[in-house]
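Here's the structure we're looking at; comments come further down.
The values are calculated or read from the model by the stated rules, or taken from the named source; none is laboratory data. In this text the structure is predicted, and so the values were computed from the model without any measurement. Glycine gets a Cβ as well: all are built from the backbone with ideal geometry, and neighbour counts include every protein chain shown.
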Amino acid sequence: MSLKTYDLLLRRGKLLRLTQLDVELVDIGIKNGNVAAIAPTLNESAEVELDVSGQLVSPPFVESHIHLDSALTAGEPRWNESGTLFEGIQIWGERKASLTVEDVKARAIATLKQQAAQGVLFVRSHADVSESQLIALKALLEVREEVKDWMTLQVVAFPQDGIYSKPENEALLEEALKLGADVVGGIPHYELTREDGVRSVHRVFELAQQYDRLIDIHCDEIDDDQSRFLEVVAACAIRTGLGSRVTASHTTAFGSYNNAYAYKLMGFLQRSQINFIANPLINITLQGRTDTYPKRRGVTRVKELWQQGLNVSFGHDCVQDPWYSLGTGNMLDVAFMGIHVCQMTGMPEIHACYDMVTRNGAKTLHLESEYGVEVGKPANLIVLDASDRYDAIRRRAVARYVISQGKLLARTAPTSTEWLGSESLAATMAAASPK
């Protein structure tokens, strides 16, 4: 009996490479958890072969911004009737009083499985560390270990209520880093004063350098055109040289800045080379609530940042929680909304929106070295029921196969519709009628 060369072999897939616009028809051989070979035809055999003829083989989706600790809590203890960010924070403050490690873990793992089935294999989740026992943080650190065989999870120590809004919050943030959080977060626009907000950004950078962690700050998630902490983040990134290790999430106030200030700021951002995360599903819902008309879109200047060569990724942000009662974790839904809200409807722009839920997210998470379908890299890839990126977003294509670390993790059969036509339907109904 002949030995099988590969553990898994994909036949005739349309491979989407990170550095190419077009797809190419190839076979992909996987061995010992890594991509072992890519060629137009592989003559060897495998333990398992999948015929993926004409389907898109893509690097997996990257969820660069989600709150797993609050996922699946919509309506608990009550619904967000105003739809605002601040009522959501108030409701979460009530809900987190009853958190347990078991509660957070169960909801987080259920959400991660839902995401993974839809092709998400890299996730950055924020954990609220404004609670005295750090329950959410400890739970997500346990989840990170429990899912590591099929999901890469980064955990952000996120001071939801601000670093300086309560005397104990600064110490809680540092304790979260000592416990093993991957990323240090902040929320300067929710500090008590402008001065506290600036101070909080400086403290985040100090902690990141002290503990050698990445930075991801909820920055200017507000419609106020005077909320200008992004310039502080950019200045700190320039002065420290941390650049690519720094992320500014949301930055929705950037959409309300006057163009003269925005133009000046854009130059500083190019110097800083920080990352940006926009959350189009959530911010188009939360922002602009105090506007009558014209009503702001409430999303940062995604297109302009992308045009200037800055790294922008998309996040889902919320899945059924106090801020957003909808959502399934599908990153193609996020890209689809991004195209609309950011008016990125040209074909290169649509392709860019696909990149914002794949390779750009991997860059944001600082995981480029292990990301992409390339020989020698870990075999993390998805097979979409689509012909290219445009087709995948347009139809929110089903992830037919999800392969994580060389193993088939999930398989989904696409739905099918049988067209009967009015005459066929009438005949069927007549045949079924009692005589």
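Okay, here's what the table says:
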| quantity | calculated |
| --- | --- |
| Selected residue (criterion: modelled with the highest pLDDT) from residues of the range 394-435 that are farther than 30 Å from F122 by Cα and hydroxyl-bearing (S, T, Y) | T417 |
| Within the range 279-331, considering residues that are of a type in the set (K, R) and over 26 Å from S58 (Cα atoms), the one surrounded by the fewest Cβ atoms within 10 Å (Cβ to Cβ) | K295 |
| Residue within the range 259-268 that is touching a residue at least 40 places away in the same chain (Cβ under 8 Å), within 14 Å of F229 (Cβ to Cβ) and under 25 Å from the mean Cα position of the chain (by Cα) present | no |
| Qualifying positions in the range 232-252 - surrounded by 18 or more Cβ atoms within 10 Å (Cβ to Cβ) and not aliphatic (A, V, I, L, M) | C236, R245, T247, S249, H250, T251, T252 |
| The range 287-331 - residue that is among the aliphatic types (A, V, I, L, M) and touching a strand residue (DSSP E or B) at 6+ places or on another chain (Cβ under 8 Å) and, of those, farthest from T247 (Cα to Cα) | V319 |
| Any hit, the range 256-278, residues being surrounded by 18 or more Cβ atoms within 10 Å (Cβ to Cβ), in the same structural domain as G83 (by TED's automatic domain parsing) and in contact with a Cys (Cβ under 8 Å, 6 or more places away or on another chain) | yes |
| Subset of the range 307-316 (residues that are over 17 Å from H65 (Cβ atoms) and touching a residue at least 12 places away in the same chain (Cβ under 8 Å)) | Q308, G309 |
| Answer from L381, L420, L408, L367 - the residue that is within 17 Å of the chain's Cα centre (by Cα) and surrounded by fewer than 22 Cβ atoms within 10 Å (Cβ to Cβ) | L367 |
| Candidate set: the range 69-89, residues that are farther than 24 Å from L141 by Cβ, within 24 Å of the chain's Cα centre (by Cα) and polar (S, T, N, Q); chosen: the one modelled with the highest pLDDT | N80 |
| Those residues of the range 268-310 which are of a type in the set (V, I, T) and in a loop (DSSP other than H, G, I, E, B), in sequence order | I274, T290, T292, V299, T300 |
| From the options L50, L68, L42, L85, residue that is in contact with a strand residue (DSSP E or B) (Cβ under 6 Å, 6 or more places away or on another chain), touching a residue at least 12 places away in the same chain (Cβ under 8 Å), buried (at least 23 other Cβ atoms within 10 Å of the Cβ) and of a type in the set (A, V, I, L, M, F, W, C) | L68 |
| Which listed residue, of L381, L420, is at negative phi and assigned by TED's automatic domain parsing to the domain that holds I30 | L381 |
| Residue match in the range 179-187 (condition: farther than 28 Å from E368 by Cα and modelled with pLDDT of 95 or more) | no |
| Sole residue being in contact with a Phe, Trp or Tyr (Cβ under 9 Å, 6 or more places away or on another chain), at pLDDT 95 or above and surrounded by fewer than 23 Cβ atoms within 10 Å (Cβ to Cβ), chosen from T152, T100 | T152 |
| Which numbered condition T193 misses (of (1) touching a strand residue (DSSP E or B) at 6+ places or on another chain (Cβ under 7 Å); (2) polar (S, T, N, Q); (3) more than 27 Å from V62 (Cα to Cα)) | (1) |
| Scope the range 263-291; condition in contact with a helix residue (DSSP H, G or I) (Cβ under 9 Å, 6 or more places away or on another chain) and acidic (D, E); matching residues | none |
| One residue from S249, S313 being at pLDDT 95 or above, touching a His at 6+ places or on another chain (Cβ under 6 Å) and not in a loop (DSSP other than H, G, I, E, B) | S249 |
| Residue that is nearest to R213 (Cα to Cα) [pool: residues in the range 340-364 that are in contact with a Pro (Cβ under 9 Å, 6 or more places away or on another chain) and buried (at least 21 other Cβ atoms within 10 Å of the Cβ)] | A362 |
| Pair list, Cβ < 7 Å and 6+ apart or interchain, from the range 104-123 residues that are within 16 Å of G361 (Cα to Cα) to residues that are of a type outside the set (G, A, S) and part of a helix (DSSP H, G or I) | V120/M331; V123/L112; V123/Q115 |
| Yes/no for E102 being part of a helix (DSSP H, G or I) and either under 30 Å from D388 (Cβ atoms) or of a type in the set (D, E) (or both) | yes |
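Yes or no, residue by residue, for (1) of a type in the set (G, A, S); (2) in a strand (DSSP E or B); (3) within 23 Å of F61 (Cβ to Cβ):
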site	(1), (2), (3)
Q115	no, no, yes
R124	no, yes, yes
A139	yes, no, no
E145	no, no, yes
K148	no, no, yes
Q154	no, yes, yes
G162	yes, no, no
A171	yes, no, no
K178	no, no, no
